[in-house]
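In what follows, a structure is listed as structure tokens, so that the remarks can point back to it.
What follows is calculated from the coordinates using simple rules that are stated; it is not laboratory data. Predicted model, so just to flag it, every value in this text is computed and none were measured. Ideal geometry is used to build each Cβ from the backbone, glycine not excepted, and the neighbour counts take in all protein chains shown.
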């Protein structure tokens, strides 16, 4: 994958992927964000195939990042409660 495609994907995910509170919402948000990412990549002249070649299914990648964000937020809440 081109360096430009990698930079685009990393920046886009960092900007768009936010914590979702439930697994159902994660899947729905991942689907929506994957479509948006593909459209923005095309606008930037980056073929979706270049991204998929490196990371596979972008919807799965985004869902994974959403799950990680939700877990990190839960861990942070638990740590705050333990400190009280």
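Cut-off 10 angstrom, C-alpha nodes, Gaussian network model of the chain. Which of 15, 27, 36 fluctuates the most?
Most flexible of the set in this elastic network: 15.
Between residue 76 and residue 32, what is the label-point separation in nm under the 7 Å Cα-to-beta-carbon projection?
Each label point lies 7 Å from its Cα, and together they span 2.1 nm.
Kirkwood hydrodynamic radius for the chain: how many Å is it when counted over pairs of different Cα atoms?
It works out to 13.6 Å.
Among 69-75, 5-11, how do they line up by average Cβ neighbours within 10 Å per residue, starting with the highest?
Ranking, from highest mean packing down: 5-11, 69-75.
Per DSSP H run of n ≥ 4, the term is -39500 (n - 2.57); total these for the chain, divide by its residue number, and report the mean residue ellipticity at 222 nm rounded to 500 deg cm²/dmol. Let's see the in-between values first.
Details: 4 runs with 69 residues, N = 84.
Per the formula, -27500 deg cm²/dmol.
Once both labels are modelled 7 Å past Cα along the beta-carbon direction, what's the residue 54-residue 68 spacing in nm?
About 1.4 nm separates the two model spin labels.
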